[in-house]
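Here the structure is laid out as structure tokens; the discussion comes afterwards.
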Amino acid sequence: MQSEIYAQWRHVFKLDPEREISDEALDAVCMSGTDAILVGGSSGVDYDNTVDLLSRIRRYEVPCALEVSNIEAAVPGFDWYFIPLVLNTRQGEWIAGNQIEALRKFGPFVPWETTSAEGYIILNPDAEAARITGADAIQDAEGIAAHIYMADRLMRLPVVYIEYSGSYGDMSLVDRAGKLLTGARLFYGGGIDGPERAGEVAALAHTVVVGNAVYDRLDAALATVAAVRQTACELKQP
Ligand code: 1GP
């Protein structure tokens, strides 16, 4: 097994193949000093727009990973692949169903040395991903703790992703989650609109994911890289 390239990632920009990004903006993002570009989106991601974005990112040296949320968009050539499993839904298709359907056909062709599962806990009920997957809105610390025990201790997933996409999360829950982890790496994404929030999250999560801000307020998004660099992570390294 190749060593997980994401093991040292502190800052990541997430780009959505369905959204337009100019060459200038993409240049700034790829040259920002971020640790990686994560490609993914909740809807409208297909083979063509994923290939197109990958080929543009490949002009740069920055590592590039794909979140495979749609098997039609499983494009070869990424440095790493994450397979999301949504943990806080009662709709089993999002936990293992769709993945197993895809593996029936494509299991032998998956680049297993560069593929990991990613346990998603989707906490913004208004996020598109929450709507699509029927994610339960968990607001209490015990609920978060139960999901972390499931992801980290029972399933031993290598990555737990606390997803507040589009809104800034409850940092007391993120703090609680991080402190319970024993083996997983904690990714946090949602509502990071500039350096202040990026710094706050960087203390509580191993990896800080910045998405929308790239499209809405690029300068503030770029400033998150330095903010994360300047902040020590309070968590143990898995
Ligand atoms: C989305 O977690 C990422 O999947 C980032 O969230 O777009 O709110 O920054 P934002």
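The values are calculated or read from the model by the stated rules, or taken from the named source; none is laboratory data. All values reported here derive from a predicted model rather than from experimental measurement. Cβ placement follows ideal geometry from the backbone for every residue including glycine, while neighbour counts extend to all protein chains displayed. For the accessible areas, the whole protein counts, side chains as well, though only heavy atoms, and no ligand, DNA or RNA atoms are used. Shrake-Rupley method; radii C 1.70, N 1.55, O 1.52, S 1.80 Å.
Assorted remarks:
- With every protein chain in place and a 1.4 angstrom probe, the accessible-area ranking of ARG156, ARG58, largest first, reads ARG156, ARG58.
- Within the accessible surface of the chain, defined with a 1.4 Å probe on protein heavy atoms only, the carbon and sulfur portion equals 51 percent.
- All other residues whose Cβ lies under 9 angstrom from that of THR207 are scored, Lys and Arg at +1 and Asp and Glu at -1, for a net of +1.
- Cα centroid separation, the range 18-35 to the range 184-238 (Å): 16 Å
- Rolling a 1.4 Å probe over the protein heavy atoms leaves MET31 with an accessible area of roughly 130 Å².
- Which of VAL51, VAL110 is most accessible, then next, and so on - probe 1.4 Å: VAL51, VAL110
- Compactness of the chain is given as radius of gyration and Dmax, 16.5, 45 Å, from Cα positions.
- Among GLY190, GLY41, GLY77, residue whose mean-square fluctuation peaks in a GNM of the chain (springs only between Cα atoms under 10 Å): GLY77
- Sequence-distant lysines (8 or more away, or on other chains) whose Cα lies within less than 18 Å of LYS236: LYS179
- Rel. contact order, % - alpha carbon contacts under 8 angstrom, at least six apart, the range 165-224: 36 percent
- For the range 83-238, the per residue solvent-accessible surface stands at 47 Å², with DNA, RNA and ligands left out and a 1.4 Å probe.
- The distance between label points at ASP52 and ARG153 comes to 4.7 nm (points 7 Å beyond Cα on the Cα→Cβ vector).
- Distance between the modelled labels on ARG229 and SER172, one decimal in nanometres: 3.5 nm (7 Å Cα→Cβ projection).
- Amide H to amide H distances under 5 Å link THR115 with TYR81, where only residues 5 or more positions off or on other chains count and H is placed in the peptide plane.
- A Gaussian network model of the chain, with springs between Cα atoms under 10 Å, assigns the largest mean-square fluctuation among SER22, SER42, SER55 to SER22.
- Cleavage-rule hits, chymotrypsin sites (Phe, Trp or Tyr not before Pro), the range 161-202, DSSP coil, Cβ neighbours within 10 Å at most 16: TYR168
- Magnitude of the charge dipole, the chain, Cβ model with Lys/Arg +1 and Asp/Glu -1, debye to 20: 740 debye
- Computed on the range 48-199, with alpha-carbon pairs under 8 angstrom and 6+ residues apart, the relative contact order is 18 percent.
- Percent antiparallel among DSSP beta bridges (both partners in the chain, rounded to 5): 5 percent
- Förster radius 35 Å - calculated FRET efficiency between ARG104 and ASP216, Cβ distance, rounded to 0.05: 0.35
- Amide H contacts under 5 Å for LYS14: LEU38, VAL210, GLY211, restricted to partners 5 or more places along the chain or on a different chain, H placed in the peptide plane at 1.01 Å from N.
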